[in-house]
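First up is the structure itself, then whatever we jot down about it.
None of the figures in this text is laboratory data; all of them are computed from the coordinates on show. Keep in mind the model is a prediction, meaning the values are calculated, not measured. Cβ atoms come from the backbone with ideal geometry, glycine included; neighbour counts cover every protein chain shown.
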Amino acid sequence: MSKITWKGSALLAPVPPALVTCGTMDKSNVLTIGWTGILCTHPPMTYIAVRPTRYSYGIITKTREFVINLPTSSMAKITDFCGMKSGAKVDKIARCGLELTPASVVNVPVLTQCPVSLECQVTEMKHLGTHSIFLANIVAVQVEEKYLDSKGKLNLQQAGLLAYAHGEYFALGRKCGDFGFSVKKKSKKT
């Protein structure tokens with residue numbers, strides 16, 4: 001197999017195309033964020049990268065809170081729309097028929113249709129060029145109960161979460177293993 005070399009670019013995929021809510025229950029907005037991830041386990045921390053020109057940038061800068069909502073593959077069109085239109089001109093929540101519920105810790109609403117929602121409080125902002133990074137503590141996680149197994153463990157295989165890779169949306173599919181399965185000792189059957 002041979003590889004060619006390109007100049008450095010923002011090519012890391014797949015990523016979760018998260019629907020990020022901001023604002024309050026009375027005046028809220030949603031935007032699609034492709035650049036997000038986990039930064040730390042203890043304390044649980046995440047980030048979102050937002051262009052300062054985005055309508056939500058000012059809201060998050062002021063409130064210092066947001067919610068990362070993970071959409072399902074059936075929400076691909078909504079997810080794309082929320083990344084293409086500005087909340088300054090369109091009420092994306094109403095236009096897409098999205099339902100909001102109050103978060104448990106932050107003052108930002110949660111998207112009811114998304115199976116997982118991470119409630120976040122901003123700890124720091126970093127301006128990096130075209131985007132600014134909002135570093136945040138994950139202060140609560142809301143999970144749809146139907147994705148919990150009998151032991152209370154999260155099992156999102158059936159959720160059909162949405163993934164984004166180089167300009168295209170994909171439904172997450174077949175499970176390939178569990179964390180640590182490559183080093184797990186096989187049990188002896190008698």
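Filtered by the rule that a residue be β-branched (Val, Ile, Thr) and touching a residue at least 40 places away in the same chain (Cβ under 8 Å), segment 3-22 gives VAL15, VAL20, THR21. Counting only strands (runs of 3 or more DSSP E) that sit completely within segment 84-180, zero hold 3 or more residues that are in contact with a Gly (Cβ under 6 Å, 6 or more places away or on another chain) and within 22 Å of TRP35 (Cα to Cα). Once segment 112-163 is narrowed to residues that are of a type in the set (D, E, K, R) and either surrounded by 13 or more Cβ atoms within 10 Å (Cβ to Cβ) or farther than 20 Å from ARG54 by Cβ (or both), the residue that is farthest from the chain's Cα centre (by Cα) is LYS151. For segment 81-99, state whether one or more residues are more than 18 Å from GLY23 (Cα to Cα) and of a type in the set (S, T, N, Q). No, segment 81-99 contains no residue that is more than 18 Å from GLY23 (Cα to Cα) and of a type in the set (S, T, N, Q). Looking only at residues that are under 21 Å from VAL141 (Cβ atoms) and in contact with a Phe, Trp or Tyr (Cβ under 9 Å, 6 or more places away or on another chain) in segment 57-72, which one is surrounded by the most Cβ atoms within 10 Å (Cβ to Cβ)? Applying the filter and picking the extreme gives PHE66. Against the definition (among the β-branched types (Val, Ile, Thr), surrounded by 14 or more Cβ atoms within 10 Å (Cβ to Cβ) and more than 18 Å from the chain's Cα centre (by Cα)), how does VAL90 come out, yes or no? When the stated conditions are applied, VAL90 passes them.
If you go through segment 78-91 one residue at a time, how many are among the β-branched types (Val, Ile, Thr) and touching a residue at least 24 places away in the same chain (Cβ under 8 Å)? Working first, answer last.
So in segment 78-91, the residues among the β-branched types (Val, Ile, Thr) come out as 78-79, 90.
Next, only the ones that are touching a residue at least 24 places away in the same chain (Cβ under 8 Å) stay: 78-79.
The number of residues fulfilling the criteria is 2.
Counting only strands (runs of 3 or more DSSP E) that sit wholly inside segment 23-77, those with at least 2 residues that are in contact (Cβ under 8 Å) with a residue 40 or more places away in the chain and under 16 Å from the mean Cα position of the chain (by Cα) are 28-33, 45-50, 65-70.
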